[in-house]
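Comments concern the structure below.
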Amino acid sequence: MEEDCGFSMLNDDIVLAVFAKLEDDPRHWARVACVCTRFSSLIRHFCWKTKCSQTLPSLLSDSPATCASLLKLAVCCPGLRHAGIAADRGASKNPKTSRKPHLARGNWDLRREQGCKLLARQFRDDCLYLCDWPGCVHPHKKRKYMLFRGIFKDFKTSRVWTSLDGDKRKKLPVECAFCTCRYTWDLHSAFCLRRGFRYQIDGEPVVRAYVCENGHVSGAWTDVPLFS
Ligand SMILES: [Zn+2]
Ligand SMILES: [Zn+2]
């Protein structure tokens with residue numbers, strides 16, 4: 001679809017000034033980027049890069065692929081399937097139970113404090129940036145799942161990587177929501193998550209998280225029962 005004729009008359013500086021007004025919530029940018037290739041290019045090369053360098057300076061890389069993944073991480077919820085839930089095929093069409101990646105509800109910031117809360121003590125020095133609690137909430141079957149997403153900075157030098165690689169942990173066929181990796185590691189069964197996280201009465205872990213080779217993390221918390 002081509003952009004509105006009104007916008008086509010305006011030069012990039014003016015269009016960018018308009019886009020800057022949408023800065024508070026980059027999900028607006030994600031929507032605008034779908035309008036046409038010119039908007040998409042402006043959002044990607046200017047708006048997002050500037051925002052990225054202001055808010056996630058240590059994660060920013062000049063690699064366009066990395067920047068694209070970061071944009072997706074910032075605005076997209078991984079959806080139930082990429083968080084290792086809803087492997088069943090008959091999932092509902094209700095957007096609240098969406099299995100695929102979609103624009104996330106809730107806060108879009110990625111913060112290291114949140115990542116620290118997830119990891120076991122011996123991995124606390126790793127730089128894992130996670131979205132704010134409670135992430136994107138999905139009712140599914142009998143539970144509510146609070147989906148989160150995040151990224152390890154310099155994943156291949158992290159202790160989590162050393163542990164996964166050193167133990168020759170097997171990857172699972174849970175695809176990454178943010179890049180093309182088709183297999184990910186289960187951080188829960190690899191003992192990388194905080195120890196306090198236990199199981200629901202039916203054996204389902206209270207927290208699960210999957211990481212791909214590029215350090216992208218998708219996962220879900222479930223409500224903890226009052227009595228178990
Ligand atoms: Zn979601
Ligand atoms: Zn990935």
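The values are calculated or read from the model by the stated rules, or taken from the named source; none is laboratory data. Predicted model, so just to flag it, every value in this text is computed and none were measured. Note that each Cβ is placed from the backbone with ideal geometry, even for glycine, and that neighbours are counted across all protein chains shown. Just the protein is used for accessible areas: all its heavy atoms, side chains included, with ligands, DNA and RNA removed. Shrake-Rupley method; radii C 1.70, N 1.55, O 1.52, S 1.80 Å.
For the range 79-222, the share of accessible area belonging to carbon and sulfur comes to 49 percent (1.4 Å probe, ligands and nucleic acids excluded).
A cut-off of 5 Å between modelled amide H atoms, ignoring neighbours fewer than 5 places along the same chain, links residue 144 with 223. More than 13 angstrom separation, counting every C-alpha pair in the range 160-206; what % is that? The share of Cα pairs beyond 13 Å in the range 160-206 comes to 63 percent. Of 171, 100, 141, 156, the residue with the largest accessible area leads and the full order is 141, 100, 156, 171 (1.4 Å probe). Surface composition of the range 5-55: carbon and sulfur make up 60 percent of the accessible area, probe 1.4 Å. Full extension of the segment from residue 194 to residue 18, taken as 0.36 nm per residue of separation minus the current Cα-Cα distance, would add 59.0 nm.
A probe of 1.4 angstrom, applied to the heavy atoms of all protein chains, finds residue 175 with accessible area near 70 square angstrom. Normalising the Debye intensity of the range 114-228 to I(0), with uniform scatterers on Cα atoms only, and taking log10 at q = 0.12, 0.15, 0.22 Å⁻¹ returns -0.40, -0.63, -1.34.
Distance between the modelled labels on residue 165 and residue 100, one decimal in nanometres: 3.4 nm (7 Å Cα→Cβ projection). Over the range 79-222, accessible surface divided per residue gives 52 Å², non-protein components excluded, 1.4 Å probe. Taking amide H as placed 1.01 Å from N in the peptide plane, the amide H of residue 127 sits under 5 Å from that of 153, each at least 5 places away or on another chain.
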